[in-house]
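*Asks:* This is the structure, below, for whatever I ask next.
The values are calculated or read from the model by the stated rules, or taken from the named source; none is laboratory data. The structure presented is a predicted model; accordingly, all values stated were derived computationally and were not measured. Glycine also receives a Cβ, built like all others from the backbone with ideal geometry; neighbour counts cover every protein chain displayed. Heavy atoms of the whole protein, side chains included, go into the accessibility calculation; ligands, DNA and RNA do not. Shrake-Rupley method; radii C 1.70, N 1.55, O 1.52, S 1.80 Å.
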Amino acid sequence: MMEVSFRKLLKILGGAVIAINILLFAVTLQTALLVCAYLLSVGYFLNRNLLGFRMSDSVILTPLVISALIAIESAPVLYASRLTPLAMGIIVSIPAVILLFFLRSKTVPTQPIPSYAPRSKSMLLLASLVLSTLTLVVLFHSQTVESTLGPWESMPPVFFILVFLNLCVLVCAAIARIPFGFLSPAISIFFFSIASVLAIVYPLGFGFDPILHNAAERAISQQGLLLPKTPYYNGHYGLMVLLWTLFRTPLEFFDRFFIVGLAALTLPILFFRAFCALSLTKKTASIVSIIVLSLAPFSPITSGTPWGSAFLFALVAILASVLFFTEKNKAHGGLLIIAAGALFAIHPLAGLPLLGYLPYPFFKKIPRMLKIILLGISACAVGAAFGLLSKISTQLPLEITSFRFEAFISFFLSFLPYWEWRFHTLLDPVYLLEKNMHFLLLISSVASFIIVRKSSAITRRAANMLGFGFLATALSYVVTRGIISFPSLPTYEQAIYTDRIKEISLLFLAILSGLALGMGIEKVMKQKNRFLLFVTVLIIGALGSMHVYASYPRNDAYIPYHGHTISTQDIDAVHWIQEHSRGKEYVVLSNQVTAAASIKEFGFAKYFSIKKNGSPISAFYYSIPASSPLHEYFQKMLGAPSRKIIDDILADLGIEHVYFVVHSYEPRFRNVIDNTKPLADEWHDFGGEKVTVFAFNKISSNTRE
């Protein structure tokens, strides 16, 4: 059948014109829905006719492709100019222009619609949907606005029981040969329920980075740009701001749920197609897709940050590379290019480790010398980019040193087996699994190379390609960590950038492990031993529920966690400080949680010029551990409160007020409170001393509240 006619193209271009007018003049719910319908239609026709996807895949992948295109288009706009309504209108119109100039009307074969599963098997799908719904109900019921040390403090144990049962039901549904077209929605909802824990439980936000990026997006939505301009994050910011412009829903909503929802929608079908392309049967590919989605290290996707977006598109690019390499379908090649473009538009530093891998799928047979060159490109790309960035920007000061061999040692040690048993019935197996996850991924990946010797030649070459990808990103990690350090960052943040490269390298091992696991499962099912199959299903459910626990921040007998979350008391405290200052200049000595609350409420409101190591730098008016000299004063006040410390700040900065914020979970909290009260001009506590704010004025009135 003829998919796109000249009339349809005119309608698409008409939709583009309407989209520009809506974004320029009036955005209501009705007009927003019109623009979304236009974008989804364009995305569908791009997938169906230009890329050549089958109908079902075109529908599922439409939001992913459109989001990637918006990210690719908005990144250069934000870096070079402003993201104005006109610019956004042009951005959403470009896909229609692509259709007009590059589309060739043609007949695209339609895939047969899968037959419905028998009623007895359909009950498994219904059971999974009920369990996922109950899981989401538990999550919403566990919402908290108090300061906690991770989501499990407010979560009942029934959550893990539901996850365990849901996994078992989904695996049983796959074993029962329910067509993946019907199984995929249940898997998507399940994945969303386990990946949106932080987004649902913490309505005020979890962590410092998501709040920081959300404030940046709000600044762009108000001003059209963010200063100083940087070559990274722009694709993510542009995508989030455009979504906000359309729906006028708080940006926090899109930050918390959009990437998780996009991953839940698209990853199941991509994993299924990839494992089928690697010679697994459809039944086995369904089972392995469920296992990989519940056990693989995908925690960055849950953060809602640019890194989470980049991680998702990196994973999509790798899966698309497997599909393109094995099937040579231009649809998969187009998806690979689009996903890679979005990856570099969102987070170039996350894409650089893959720079030597991405060309690999386009070669039928790659020469050994070219492989060495590509490995060298991946190994050196991040270091070269960091060096260049440090020359053109002062936002990321770094040092390039001679190679430190301990970088290789640390990478090697992370893949060694681990054993510790503390006789804790629940936690011991969880950490035995989690701390051996890298080892298990490596061993099963090596096993996959042995197993595929009896497979087809294309499967063996695809496995070699994935092994090459792991080696390229591993070299990038070792070289980058070995020669680059960030002296301005605290010790505990030094490895953040390089650890993200390792997270990307694990994606290759996850796919190879899934291949080995799938071939093992096929052998188990051939034995037709129901008891063995039953035990296997129970083990999968148990491992998946344990991994969900270990994928999120937690404070337990194995890992003491100190990252408290924002509470309503923090929000009240920053508002009280704002009102108390009466428009006069001030700074706040506080921990990172209160600084995050101020950014959440007031954005990047003020900066001061303050000396650090004898040199003046621009510092945020709330103390932040990563860069602010004010944090040093905060630590001094916690150690030994002194009016002299405050007077020095008042004199050096020429301001009217200094505020000192103390939380009840700080060490020596009571001593700090008692010793600071005689020094302060005023104080006020929130939530029964959960948060206490001390006010110091330039001219001491010595009044107390």
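*Asks:* Of the numbered conditions (1) open to solvent by 20 Å² or more (accessible area, probe 1.4 Å); (2) hydrophobic (A, V, I, L, M, F, W, C); (3) touching a residue at least 40 places away in the same chain (Cβ under 8 Å), C276 fails exactly one; give the number of that condition.
*Replies:* Against the list (1) open to solvent by 20 Å² or more (accessible area, probe 1.4 Å); (2) hydrophobic (A, V, I, L, M, F, W, C); (3) touching a residue at least 40 places away in the same chain (Cβ under 8 Å), C276 comes up short only on (3).
*Asks:* Would segment 253-267 turn up any residue that is touching an Asp or Glu at 6+ places or on another chain (Cβ under 8 Å), of a type in the set (K, R) and open to solvent by 20 Å² or more (accessible area, probe 1.4 Å)?
*Replies:* No.
*Asks:* I would also like to ask the following. For the condition at pLDDT 70 or above, among the aliphatic types (A, V, I, L, M) and open to solvent by less than 30 Å² (accessible area, probe 1.4 Å), what is the one hit in L51, L23, L64?
*Replies:* None of the other options fit; the residue is L64.
*Asks:* Go through segment 209-225 and give me each residue that's open to solvent by less than 30 Å² (accessible area, probe 1.4 Å), assigned to a helix (DSSP H, G or I) and either touching a helix residue (DSSP H, G or I) at 6+ places or on another chain (Cβ under 8 Å) or hydroxyl-bearing (S, T, Y) (or both). Before you say what the answer is, go through the steps one by one.
*Replies:* Of segment 209-225, the ones open to solvent by less than 30 Å² (accessible area, probe 1.4 Å) are 211, 213-217, 219-220, 224-225.
In the following step, the residues that additionally are assigned to a helix (DSSP H, G or I) were identified as 211, 213-217, 219-220.
Answer for segment 209-225, where residues must be open to solvent by less than 30 Å² (accessible area, probe 1.4 Å), assigned to a helix (DSSP H, G or I) and either touching a helix residue (DSSP H, G or I) at 6+ places or on another chain (Cβ under 8 Å) or hydroxyl-bearing (S, T, Y) (or both): I211, H213, N214, A215, A216, E217, I220.
*Asks:* Do we find that A605 is open to solvent by 50 Å² or more (accessible area, probe 1.4 Å) and either under 36 Å from the mean Cα position of the chain (by Cα) or under 30 Å from F253 (Cβ atoms) (or both) in this structure?
*Replies:* Answer is yes for this residue.
*Asks:* Kindly establish whether L83 is part of a helix (DSSP H, G or I) and modelled with pLDDT of 70 or more.
*Replies:* No; evaluated as a whole, the condition is false for this residue.
Table: residues versus (1) within 22 Å of A216 (Cα to Cα); (2) at pLDDT 85 or above; (3) part of a loop (DSSP other than H, G, I, E, B); (4) over 33 Å from the mean Cα position of the chain (by Cα).
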| residue | (1), (2), (3), (4) |
| --- | --- |
| V593 | yes, yes, no, no |
| I624 | yes, no, yes, no |
| L638 | no, yes, no, yes |
| I645 | no, yes, no, yes |
| A651 | no, no, no, yes |
| F660 | no, yes, no, yes |
| P667 | no, no, yes, no |
| N671 | no, yes, no, yes |
| H684 | no, yes, no, yes |
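*Asks:* Go through M546, M465, M519, M525 for me and flag whichever is of a type in the set (A, V, I, L, M) and within 22 Å of the chain's Cα centre (by Cα).
*Replies:* M546
*Asks:* So which of T326, T284 ends up being in a helix (DSSP H, G or I), β-branched (V, I, T) and open to solvent by 20 Å² or more (accessible area, probe 1.4 Å)?
*Replies:* Unique residue meeting the criteria: T326.
*Asks:* Turning to a different aspect of this structure: Out of (1) open to solvent by less than 10 Å² (accessible area, probe 1.4 Å); (2) at pLDDT 90 or above; (3) closer than 23 Å to P76 by Cα, what's the single condition that is false for N234?
*Replies:* Of (1) open to solvent by less than 10 Å² (accessible area, probe 1.4 Å); (2) at pLDDT 90 or above; (3) closer than 23 Å to P76 by Cα, only one is false for N234: (1).
*Asks:* Which number in (1) within 22 Å of L323 (Cβ to Cβ); (2) open to solvent by 20 Å² or more (accessible area, probe 1.4 Å); (3) at pLDDT below 90 marks the one condition that V452 misses?
*Replies:* V452 satisfies every listed condition except (2).
*Asks:* Let me ask something additional. List, please: which pairs have Cβ atoms under 7 Å, are six or more places apart or on different chains, and start with a residue in segment 521-534 that is open to solvent by less than 60 Å² (accessible area, probe 1.4 Å) and end with one that is in a helix (DSSP H, G or I) and not aliphatic (A, V, I, L, M)?
*Replies:* Close Cβ pairs (under 7 Å, with a partner that is in a helix (DSSP H, G or I) and not aliphatic (A, V, I, L, M)) amount to I521/T284; E522/T284; V524/T536.
*Asks:* While we're here: Within segment 377-417, how many residues are more than 12 Å from Y477 (Cα to Cα), open to solvent by less than 60 Å² (accessible area, probe 1.4 Å) and either at pLDDT 80 or above or aliphatic (A, V, I, L, M) (or both)?
*Replies:* The number of residues fulfilling the criteria is 6.
*Asks:* Based on what the data block shows, is P112 at pLDDT below 80, of a type outside the set (K, R) and surrounded by fewer than 17 Cβ atoms within 10 Å (Cβ to Cβ)? Give the derivation first.
*Replies:* Values: at pLDDT below 80: yes; of a type outside the set (K, R): yes; surrounded by fewer than 17 Cβ atoms within 10 Å (Cβ to Cβ): yes.
So P112 fits the description; yes.
*Asks:* Filter segment 77-89 for residues that are open to solvent by 50 Å² or more (accessible area, probe 1.4 Å) and either in contact (Cβ under 8 Å) with a residue 60 or more places away in the chain or in contact with a strand residue (DSSP E or B) (Cβ under 7 Å, 6 or more places away or on another chain) (or both) and give the result.
*Replies:* Residues satisfying the conditions are Y79, S81, R82, T84, P85, L86.
*Asks:* Tell me yes or no: at least one residue of segment 94-105 is crowded, with 16+ Cβ neighbours inside 10 Å, over 28 Å from S58 (Cα atoms), modelled with pLDDT of 75 or more and of a type outside the set (D, E, K, R).
*Replies:* No: segment 94-105 contains no residue that is crowded, with 16+ Cβ neighbours inside 10 Å, over 28 Å from S58 (Cα atoms), modelled with pLDDT of 75 or more and of a type outside the set (D, E, K, R).
*Asks:* I'd like the residue in segment 686-700 that is open to solvent by less than 60 Å² (accessible area, probe 1.4 Å) and modelled with pLDDT under 90 and, out of all such residues, is farthest from the chain's Cα centre (by Cα).
*Replies:* Top of the filtered list is N697.
*Asks:* Okay, moving on. I'm trying to understand the selection: among the residues of segment 626-636, which are out of contact with any Phe, Trp or Tyr (no Cβ under 7 Å at 6 or more places or on another chain) and either part of a loop (DSSP other than H, G, I, E, B) or crowded, with 19+ Cβ neighbours inside 10 Å (or both)?
*Replies:* Just the residues of segment 626-636 that are out of contact with any Phe, Trp or Tyr (no Cβ under 7 Å at 6 or more places or on another chain), to begin with: 626-627, 629-636.
Within segment 626-636, A626, S627, P629, L630, H631, Y633, F634 qualify.
*Asks:* Separate question: Restricting to segment 142-198, name every residue that is in contact with a strand residue (DSSP E or B) (Cβ under 8 Å, 6 or more places away or on another chain) and among the aliphatic types (A, V, I, L, M).
*Replies:* none
*Asks:* What residue, of L349, L343, L355, L375, is among the hydrophobic types (A, V, I, L, M, F, W, C) and over 23 Å from the mean Cα position of the chain (by Cα)?
*Replies:* Checking each option against the conditions leaves just L375.
*Asks:* Report yes if some residue within segment 126-145 is modelled with pLDDT of 90 or more and among the aromatic types (F, W, Y); otherwise report no.
*Replies:* Start the filter on segment 126-145 by keeping residues that are modelled with pLDDT of 90 or more, which leaves 126-145.
Filter once more, keeping what is among the aromatic types (F, W, Y): 140.
Yes, there is a match, as at least one residue in segment 126-145 is modelled with pLDDT of 90 or more and among the aromatic types (F, W, Y).
*Asks:* Residues in segment 546-558: is at least one open to solvent by 50 Å² or more (accessible area, probe 1.4 Å) and modelled with pLDDT of 85 or more?
*Replies:* Within segment 546-558 (the criterion being open to solvent by 50 Å² or more (accessible area, probe 1.4 Å) and modelled with pLDDT of 85 or more), the answer is yes, since at least one residue qualifies.
*Asks:* Can you tell me how many residues within segment 568-591 are surrounded by fewer than 19 Cβ atoms within 10 Å (Cβ to Cβ) and either hydrophobic (A, V, I, L, M, F, W, C) or assigned to a loop (DSSP other than H, G, I, E, B) (or both)? It would help to see each step written out before you state the result.
*Replies:* So in segment 568-591, the residues surrounded by fewer than 19 Cβ atoms within 10 Å (Cβ to Cβ) come out as 568, 572, 575-576, 578-585.
With the extra rule that they be either hydrophobic (A, V, I, L, M, F, W, C) or assigned to a loop (DSSP other than H, G, I, E, B) (or both), the set shrinks to 576, 581-585.
So the count comes out to 6.
*Asks:* Here's a follow-up. What tally of residues in segment 271-309 results from selecting those that are over 26 Å from K523 (Cβ atoms), touching a Gly at 6+ places or on another chain (Cβ under 7 Å) and of a type in the set (A, V, I, L, M, F, W, C)?
*Replies:* 1
*Asks:* Being farther than 21 Å from G308 by Cα, open to solvent by less than 30 Å² (accessible area, probe 1.4 Å) and in a helix (DSSP H, G or I) is the filter here; which residues of segment 349-363 pass it?
*Replies:* Y360, P361
*Asks:* Checking the structure you have, find out if any residue of segment 139-148 is open to solvent by 60 Å² or more (accessible area, probe 1.4 Å) and acidic (D, E). It would help to see each step written out before you state the result.
*Replies:* Pass one, segment 139-148, residues open to solvent by 60 Å² or more (accessible area, probe 1.4 Å): 140-141, 143, 146.
Restricting the remaining residues to those that are acidic (D, E) gives 146.
Checking segment 139-148: at least one residue is open to solvent by 60 Å² or more (accessible area, probe 1.4 Å) and acidic (D, E).
*Asks:* Can you report the number of residues in segment 125-157 which are without any contact (Cβ under 8 Å) to a residue 60 or more places away in the chain, part of a helix (DSSP H, G or I) and touching a helix residue (DSSP H, G or I) at 6+ places or on another chain (Cβ under 6 Å)?
*Replies:* 5
*Asks:* Looking for whichever is more than 22 Å from R48 (Cα to Cα) and surrounded by fewer than 21 Cβ atoms within 10 Å (Cβ to Cβ) here; the options are I337, I366, I346. Which one fits? Before the answer, list the steps.
*Replies:* Working: I337 fails: more than 22 Å from R48 (Cα to Cα); I346 fails: surrounded by fewer than 21 Cβ atoms within 10 Å (Cβ to Cβ).
Exactly one of I337, I366, I346 is more than 22 Å from R48 (Cα to Cα) and surrounded by fewer than 21 Cβ atoms within 10 Å (Cβ to Cβ), namely I366.
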